[in-house]
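Read the structure below first, then the notes.
The values are calculated or read from the model by the stated rules, or taken from the named source; none is laboratory data. Please read these numbers as outputs of a predicted model, since none were measured by experiment. Because the Cβ atoms are built from the backbone with ideal geometry, glycine has one as well, and the counts that use them run over all protein chains shown.
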Amino acid sequence: MGSHAAAYFEALRAEMADWRRTLHQHPELAYEERWTADFLAAKLESFGYTPARGLGGTGVVASLAGGAGPSVGLRADMDALPILEQTNRPYASRIPGKMHACGHDGHMTMLLAAARYFAEHPQIEGTIHFIFQPAEEGAGGAQAMIEDGLFARFPVERVFGLHNWPGQEKGSFAGRAGPLMAAYDTFDITLTGRGAHAAMPHQGTDLLLAAAQVQTQLQSIVARSLDPLENAVVSVTQIHGGDAYNVLPCEVVMRGCTRHFTLPVQDLIEARMGDICRGVAASFGCAVALAYDRRYPATVNAAAELGLAAAAARAAGAASVETDVAPSMVSEDFAFMLRQKPGCYLWLGTGPIEGGKSLHSPTFDFDDDVLALGATWWVEVARQALRA
């Protein structure tokens, strides 16, 4: 069936590119994807589906039930990013300050095309649920859909996801069993003390100096507290404090994120952050509050489902298939679905990072050349899962 599906999508190439570029022109941020949901639902209805709406706020799910057999979930993300686009494409974002800079427009298009294929070739043994998920970019839309009853209303034995991956050989697929992408936590550190004239610092508390000490010591967590064979990142990304050249502020706020793959490392990072904050605050004579928020778990692939996904990639005509790729420290909320069901998340290579191909860049644009291959993979992974 791979060759038939591949030929089908090659013939659909121009229409798929048109869908993708239309979606690209209408980016919407997390939980705002109403136009996007309307677009997807209208297409799905035109294919003959009766999509469910509103899971996780703006999510869309369409189902195809064949004969008796297993059920599989296929998921694509919907949301855009708060980035001012600089591609100068004729189909660039029409909404200033919002942009599909991570390729979710392409992800939706590939899954939408697979839904059309199965609507026209419905001879399957089992059920396929096409899941269009909102709010992947830091807002936990996968968890929101689950809490809204995603897997209760649309039960599945397995679930699969796919992401375009600049820097990987174009047309190749890559993944690994176990952690593929890191867990993602955020933190807020608030230092408070006495403000003072900058010419008389002894009369106050130099919270900016304290913040500098906190930032420096936080880097000792990975360098000196963590087993060198483990992986983690601790990044301070914001420091806010002060409004004048000659005033030491009475409050400084630091924010950032951490990345890691295992619960023991996560526990160690949070504990050490608390120790460091309290220690620096005591030495400066100021107060400190640490708010540590565990946001996304690690994205962990099941070995059996990785095998199915890799076999589907080969059947789809992948340039190559890597099943032991090095993991990435970026995060993905598909992890919540993989906590509920066994499954697999793969990367689809789009070639060298050049000419603005980097994810989350204002010059990023999804490579339409991989749309047909990605849609073919969706068909093949569904067939593999329903046969397993």
Problem set entry | Unique residue being touching a strand residue (DSSP E or B) at 6+ places or on another chain (Cβ under 9 Å) and within 24 Å of Leu371 (Cβ to Cβ) when the list is Glu332, Glu251, Glu270, Glu354 | Glu332
Problem set entry | Ser283, sole failed condition from (1) part of a loop (DSSP other than H, G, I, E, B); (2) among the hydroxyl-bearing types (Ser, Thr, Tyr); (3) farther than 26 Å from Asp369 by Cα | (1)
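If we scan the stretch 357-378, do we find a residue that is part of a helix (DSSP H, G or I), in contact (Cβ under 8 Å) with a residue 12 or more places away in the chain, within 30 Å of His4 (Cβ to Cβ) and of a type in the set (S, T, N, Q)? Give the steps one after another, and end with the answer.
From the stretch 357-378, those part of a helix (DSSP H, G or I) are 368-378; that's our starting set.
Those still in the list that are in contact (Cβ under 8 Å) with a residue 12 or more places away in the chain too: 368-378.
This time we only want the ones that are within 30 Å of His4 (Cβ to Cβ), so: 368-378.
Those left that are additionally of a type in the set (S, T, N, Q): 376.
Yes, the conditions are met somewhere in the stretch 357-378.
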Seminar exercise, completed: A careful count of residues in the stretch 331-348 that are over 15 Å from the mean Cα position of the chain (by Cα) and either outside the structural domain of Tyr117 (by TED's automatic domain parsing) or buried (at least 24 other Cβ atoms within 10 Å of the Cβ) (or both) gives 1
Seminar exercise, completed: Heads up, the strands (runs of 3 or more DSSP E) in the stretch 1-79 (entirely inside) with at least 1 residues that are touching a Leu at 6+ places or on another chain (Cβ under 8 Å), surrounded by fewer than 18 Cβ atoms within 10 Å (Cβ to Cβ) and modelled with pLDDT of 95 or more are 67-77
For this session: With the checklist (1) of a type in the set (S, T, N, Q); (2) within 17 Å of Glu169 (Cβ to Cβ); (3) not in a loop (DSSP other than H, G, I, E, B) in hand, flag the one item Gln384 doesn't pass.
Result: (2)
Problem set entry | Hits in the stretch 241-275 (condition: touching a Leu at 6+ places or on another chain (Cβ under 9 Å) and assigned to a loop (DSSP other than H, G, I, E, B)) | Gly241, Gly242, Pro249, Cys250
Exercise. Can you name the strands (runs of 3 or more DSSP E) wholly within the stretch 158-230 that have at least 1 residues being of a type in the set (Lys, Arg) and under 26 Å from the mean Cα position of the chain (by Cα)?
Worked result: 158-165
Problem set entry | Thr258 vs. criteria polar (S, T, N, Q), surrounded by fewer than 22 Cβ atoms within 10 Å (Cβ to Cβ) and outside the structural domain of Asp77 (by TED's automatic domain parsing) | no
Problem set entry | Selection within the stretch 285-301 - in contact with a Ser or Thr (Cβ under 7 Å, 6 or more places away or on another chain) and surrounded by fewer than 22 Cβ atoms within 10 Å (Cβ to Cβ) | Gly285, Cys286, Ala287, Ala289, Asp293, Arg295
For this session: Scan the stretch 365-381 and give yes if some residue there is touching a Phe, Trp or Tyr at 6+ places or on another chain (Cβ under 7 Å), buried (at least 17 other Cβ atoms within 10 Å of the Cβ) and either of a type in the set (Asp, Glu) or modelled with pLDDT under 95 (or both), otherwise no.
Result: no
